[in-house]
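Student: The structure under discussion is supplied below as structure tokens; questions concerning it will follow.
The values are calculated or read from the model by the stated rules, or taken from the named source; none is laboratory data. Values in this document were obtained by computation on a predicted structure and should not be read as measured data. Glycine also receives a Cβ, built like all others from the backbone with ideal geometry; neighbour counts cover every protein chain displayed.
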């Protein structure tokens, strides 16, 4: 039996080793540059950690209350259903939709409710603390906050509304530079929205009842009067339901709690990451420069060899 042992020539091994030596030598020669880059990167990380404020996030988990049957007052379940008309369905069932949850989410994110929340709780004073006087509880020198800028900042930087696609649980979260306000804002946002939708429903019911009572006085037809009475009864039940249920639209599953850790990277981690990034960038720069120099030297050598061969050819 013969064994074919492939032996790598010594000169090939030496050549393979020598290929890496310029890079190793370059790194050793640039050790002080690498050390300086490490220190500079750590310094940048320290500067970022000192200038970037901590951010805290607190969220309240809620569920959108299903009101597909508004208090059990669907027109089909009322007496004398044989005389029901599209008008009755429109008055009672018009408050519900197939995409009811999507509509509530849209209103929860809407500009009108957001501005209502900012105005109701005077969130503006936290956006312009230098212009607000805690002693007088008023703006200094007649200052007026920028409503558009405040809304944009609140929408893009502070408020976060997410929906779990599997459970349909909605999380209303807030982000701020200290831990107490995000908790308070998240809970207040949910409570304020319930009150906002309750008031909206109440106003709509009052408007519909006034319209129905006016039509009742104008009609002499008994069947129409019965239909109108059913509609008034349904609207009264809707108002009672809205006022009796505290969590009218959003049912609180887990209220927001005070966060004890920031969502930012810790100060020590920023310093370490800054140092590592600085070191890696400097190593990459040294290796890239060495590689470019090697390529340039190879190009110059090949060019000189080509010129030498061309000269010999001309002489011959």
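Student: Could you give every pair whose Cβ atoms fall below 6 Å, whose first residue belongs to segment 221-239 and is in contact (Cβ under 8 Å) with a residue 24 or more places away in the chain, and whose second residue is loosely packed, with under 14 Cβ neighbours inside 10 Å and assigned to a helix (DSSP H, G or I), counting only separations of at least 6 or pairs across chains?
Tutor: Note: pairs meeting the criteria are 223/83.
Student: Kindly check whether there is at least one residue in segment 52-69 that is at pLDDT below 55 and either under 30 Å from residue 173 (Cβ atoms) or in a strand (DSSP E or B) (or both). Let's see the steps before the verdict.
Tutor: Taking segment 52-69 first, the residues at pLDDT below 55 are 68-69.
Those still in the list that are either under 30 Å from residue 173 (Cβ atoms) or in a strand (DSSP E or B) (or both) too: 68.
The answer is yes, given that some residue of segment 52-69 is at pLDDT below 55 and either under 30 Å from residue 173 (Cβ atoms) or in a strand (DSSP E or B) (or both).
Student: As an exercise: evaluate residue 240 against (1) closer than 21 Å to residue 64 by Cα; (2) more than 22 Å from the chain's Cα centre (by Cα); (3) surrounded by 15 or more Cβ atoms within 10 Å (Cβ to Cβ) and give the number of the one condition it does not meet.
Tutor: (3)
Student: Pick out the one residue from 157, 203, 213, 166 that is farther than 22 Å from residue 241 by Cα and either touching a residue at least 60 places away in the same chain (Cβ under 8 Å) or part of a helix (DSSP H, G or I) (or both). Explain how you work it out, then say what you get.
Tutor: Values: 203 fails: farther than 22 Å from residue 241 by Cα; 213 fails: farther than 22 Å from residue 241 by Cα; 166 fails: either touching a residue at least 60 places away in the same chain (Cβ under 8 Å) or part of a helix (DSSP H, G or I) (or both).
From the options 157, 203, 213, 166, the qualifying one is 157.
Student: Looking at segment 212-234, is at least one residue closer than 18 Å to residue 65 by Cβ and touching a helix residue (DSSP H, G or I) at 6+ places or on another chain (Cβ under 6 Å)? Steps first, answer last, please.
Tutor: Filtering segment 212-234 down to residues closer than 18 Å to residue 65 by Cβ leaves none.
Looking for residues that are closer than 18 Å to residue 65 by Cβ and touching a helix residue (DSSP H, G or I) at 6+ places or on another chain (Cβ under 6 Å), one finds none in segment 212-234, hence no.
Student: Same structure again: With respect to the numbered conditions (1) within 26 Å of residue 167 (Cβ to Cβ); (2) touching a strand residue (DSSP E or B) at 6+ places or on another chain (Cβ under 6 Å), which one is the sole condition not fulfilled by residue 262?
Tutor: Tallying (1) within 26 Å of residue 167 (Cβ to Cβ); (2) touching a strand residue (DSSP E or B) at 6+ places or on another chain (Cβ under 6 Å), residue 262 fails exactly one: (1).
Student: Answer yes if at least one residue in segment 114-130 is at positive phi and not in a strand (DSSP E or B), and no otherwise.
Tutor: Of segment 114-130, the ones at positive phi are 122.
Filter again for not in a strand (DSSP E or B), leaving 122.
Among the residues of segment 114-130, at least one is at positive phi and not in a strand (DSSP E or B), which makes the answer yes.
Condition check ((1) closer than 28 Å to residue 253 by Cβ; (2) modelled with pLDDT under 95) across all residues:
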site: 104; (1), (2): yes, yes
site: 114; (1), (2): yes, no
site: 117; (1), (2): yes, no
site: 131; (1), (2): no, yes
site: 145; (1), (2): no, yes
site: 157; (1), (2): yes, yes
site: 200; (1), (2): yes, yes
site: 206; (1), (2): no, yes
